[in-house]
Amino acid sequence: MKDIVRMKTSLSEEIEKLLNEQVRREAISSFNYLAISSWCERNGYVHSARFFELQSDEERAHMKKIFNYISSVGGTAIVPEITNIVQEFDSFKSVFEIALEQEIAITHSINNIVDKCYKAKDYTTASFLDWFINEQVEEEATARRCLEIFELVGEEGVGKILIDREIGKTRGMAE
């Protein structure tokens, strides 16, 4: 019975493997953001802590969306094992630089999967991933905006407090 069900999937092994790897990447992103949230909280950046907690939730939702898609088309979704999440960071600004780098890497990964989907003529999965392509535009823009706030406000004096408050506003969070 298992072999018959597996034969009915529309996913190629390559696309399924890439999607499961993306599940892993999204889980890592979620845990990275949760670790950054904790670091921000410990260092007094409460608005940024909440910002990164929400980012973590969003990445987990992305992970689940891909995970559920794999299952819904008859594939085998794999729960990833995540280890070695960094807990300490060099500076307040560095966590936002890390966030931007992470979002750019996710964008590249999704673009790669879409490219492979078109080559494999898997238009269904490519269509499913359109949402993620559009989402990544927003994710990168938000990360860039946070870094712009550092440049506009400056970190001297009360700058970090003002930056933290402004970060809180980027996701429409109340003060």
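Values for this structure:
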item: Accessible area of the chain belonging to carbon and sulfur atoms, whole % at 1.4 Å probe; result: 52 percent
item: Residue order for Y69, Y123 - accessible surface, 1.4 angstrom probe, largest first; result: Y123, Y69
item: Cα-centre dipole for the chain with unit charges at Cβ (Lys and Arg positive, Asp and Glu negative), debye to 20; result: 680 debye
item: Average silhouette area of the chain, convex hull of alpha-carbon atoms, in square nanometres; result: 10.9 nm²
item: Accessible area of the chain divided out per residue, in Å², using a probe of 1.4 angstrom; result: 56 Å²
item: Extended-chain gain in nm, criterion 0.36 nm per residue less alpha-carbon gap, S10 and L54; result: 12.5 nm
item: Candidate aspartates and glutamates for bridging to K119, where Cα separation is under 18 Å - those fewer than 8 sequence places away on the same chain excluded; result: E13, E14, E16, D130
item: Potential extension, K121-V79 segment - 0.36 nm per residue separation minus Cα distance; result: 12.5 nm
item: Residues in segment 90-130 reached by a label modelled at E156 [backbone nitrogen below 14 Å; 7 Å Cα→Cβ]; result: none
item: CD proxy at 222 nm, helix term only [per DSSP H run n ≥ 4: -39500 (n - 2.57); per residue of the chain; nearest 500]; result: -26500 deg cm²/dmol
item: Members of K64/K169; K64/K116; K65/K116; K17/K93 lying beyond 30 Å, as alpha-carbon distances in this model show; result: K17/K93
item: Per-q log10 I(q)/I(0), segment 67-121, q = 0.31, 0.32 Å⁻¹ (Debye; single scatterer per alpha-carbon; no solvent); result: -1.12, -1.12
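The values are calculated or read from the model by the stated rules, or taken from the named source; none is laboratory data. Bear in mind the structure is a predicted one, so any value in this text is a computation, not a measurement. Glycine also receives a Cβ, built like all others from the backbone with ideal geometry; neighbour counts cover every protein chain displayed. Surface areas here come from the heavy atoms of the whole protein model, side chains and all, with no ligands, DNA or RNA. Shrake-Rupley method; radii C 1.70, N 1.55, O 1.52, S 1.80 Å.
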